[in-house]
Amino acid sequence: MSAGKVIYLDNHSTTRCDPRVVQAMLPCLEQDYANPSSVTHAAGQRAGEIVGQCSDEIARLIGAERGSEIVFTSGATESNHLAIVGFCRRKKVGHLITVATEHPSVLAAMDVLLREGWTLTTLPVRPAGDSECGRIDLQMLRDAIRPGTALVSVMLANHEIGVIQPVREIAAICREQGVALHCDATQAVGKFPLSVRELDVDLMSFTAHKFYGPKGIGALFVRGSGRRARLEPVMSGGGQQQGRRGGTLNVPGIVGLAMALQLSAELMPEETGRIAGLRDQLFQSLASEIPGMVLNGAGLESGWRLPHNLNLQLPGVDGHSLMVHCPELALSSGSACTATSTEPSHVLQALGMNADEIRCSLRFGLGRFNSAEEIRLASRGLVRSYRRLRGLH
Ligand code: PLP
């Protein structure tokens with residue numbers, strides 16, 4: 001079944017490429033297809049100009065100072081790897097800090113450094129039931145920093161429970177202590193207004209396919225002035241991107257990323273409220289039919305939950321079975337990268353949830369292309385299957 005035929009509620013995994021983004025990319029596939037490193041001819045120079053304009057625009061939209069602070073990658077996995085491994089390989093082996101609920105790509109980059117002799121503190125998050133469930137305790141971060149701490153890596157918004165970390169406050173602590181801060185903003189960029197200068201981060205990862213852009217193109221913000229962040233390339237080649245990441249630039253992808261970011265910024269004032277409204281509609285209609293349903297993570301009104309995220313425990317029913325019984329819905333129980341694993345979600349485990357609670361949990365990611373009618377149908381289908389599975393006809 002094509003994604004077009006289902007009610008797509010898996011927008012944390014990826015989003016449909018906006019048709020306006022596709023249109024913007026086409027000329028770079030059909031006409032402006034030259035290699036931007038081919039400065040020996042006009043077509044290559046033109047491609048180089050396109051990349052330069054997109055870099056400047058992306059920098060402007062994320063509050064960076066200039067286009068040269070943007071390094072293009074294949075996606076956020078690579079951006080996270082380059083930020084963490086590339087940054088630390090220029091430093092003396094030391095100590096790192098991250099958080100238990102980070103995306104597997106951050107945790108895996110930390111593992112690479114552990115094998116190179118680094119040490120790591122993994123901060124816990126506040127547990128289920130706490131009013132700041134899923135957020136870190138800032139005092140714990142202060143206490144974890146020690147001489148030799150080179151980098152702190154904390155995500156802006158979580159891919160399963162949508163919790164938004166207090167990155168501005170985290171940055172202030174890092175500044176006080178002279179420690180660099182990397183932020184995986186993959187789930188946040190395009191969802192709410194943000195600026196790398198206001199957040200005061202040194203490195204920030206994001207990827208186009210989470211905000212209605214194409215797959216296979218991501219970016220890393222690398223602070224280029226003041227406290228300049230320096231990177232050792234993890235992929236070397238023809239010296240592209242000032243030697244920070246080798247490989248021919250993906251010009252159509254870069255144009256798609258810039259266009260998707262521009263559109264998100266334009267649509268955000270209307271879109272955020274509309275999607276949050278649909279999310280609340282889904283929550284309320286399920287809560288009224290499923291007694292004992294639990295919202296995992298922070299409250300919907302807390303101010304630190306992504307507006308399009310829900311993560312729900314549907315008591316007595318295995319989340320996987322519910323998905324199988326609702327083939328008309330595209331849903332997932334957690335990170336797409338770990339969806340094939342039988343391991344329970346490490347994010348929900350970090351909230352202190354037990355195996356049964358995790359098994360009964362489903363993640364919902366609403367998006368630009370969902371309608372109120374789809375949400376009504378999704379809710380009806382879920383309630384019907386839930387009741388059937390529980391033998392409550
Ligand atoms: N970081 C977070 C928070 C994510 O949600 C994801 C994707 O799910 C990634 C990183 C990896 O992104 P990509 O698929 O572009 O490599």
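Listed here are the strands (runs of 3 or more DSSP E) enclosed by the stretch 164-228 that have at least 2 residues being among the basic types (Lys, Arg) and open to solvent by less than 10 Å² (accessible area, probe 1.4 Å), and there are none.
Matching residues to (1) touching an Asp or Glu at 6+ places or on another chain (Cβ under 9 Å); (2) under 26 Å from ARG20 (Cα atoms); (3) in contact (Cβ under 8 Å) with a residue 12 or more places away in the chain; (4) within 16 Å of the ligand (Cβ to nearest atom):
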site: GLY190; (1), (2), (3), (4): no, yes, yes, yes
site: LYS215; (1), (2), (3), (4): no, yes, yes, yes
site: ARG223; (1), (2), (3), (4): yes, no, yes, no
site: PRO233; (1), (2), (3), (4): no, no, yes, no
site: GLY237; (1), (2), (3), (4): no, no, no, no
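The set of residues in the stretch 60-95 that are without any contact (Cβ under 8 Å) to a residue 24 or more places away in the chain and open to solvent by less than 50 Å² (accessible area, probe 1.4 Å) contains only GLY67.
Kindly establish whether GLY48 is farther than 24 Å from TRP118 by Cβ and either open to solvent by 10 Å² or more (accessible area, probe 1.4 Å) or in contact (Cβ under 8 Å) with a residue 60 or more places away in the chain (or both).
Numbers: farther than 24 Å from TRP118 by Cβ: yes; either open to solvent by 10 Å² or more (accessible area, probe 1.4 Å) or in contact (Cβ under 8 Å) with a residue 60 or more places away in the chain (or both): yes.
When the stated conditions are applied, GLY48 passes them.
Take SER131 and tell me if it is more than 14 Å from the ligand (Cβ to nearest atom), surrounded by fewer than 22 Cβ atoms within 10 Å (Cβ to Cβ), assigned to a helix (DSSP H, G or I) and in contact (Cβ under 8 Å) with a residue 40 or more places away in the chain. So SER131 fails the test.
The values are calculated or read from the model by the stated rules, or taken from the named source; none is laboratory data. Computed from a predicted model, the values in this text were never measured in an experiment. Backbone-built Cβ (ideal geometry, glycine too); neighbour counts: all protein chains shown. Note: areas computed on protein heavy atoms with side chains; ligands, DNA, RNA excluded. Shrake-Rupley method; radii C 1.70, N 1.55, O 1.52, S 1.80 Å.
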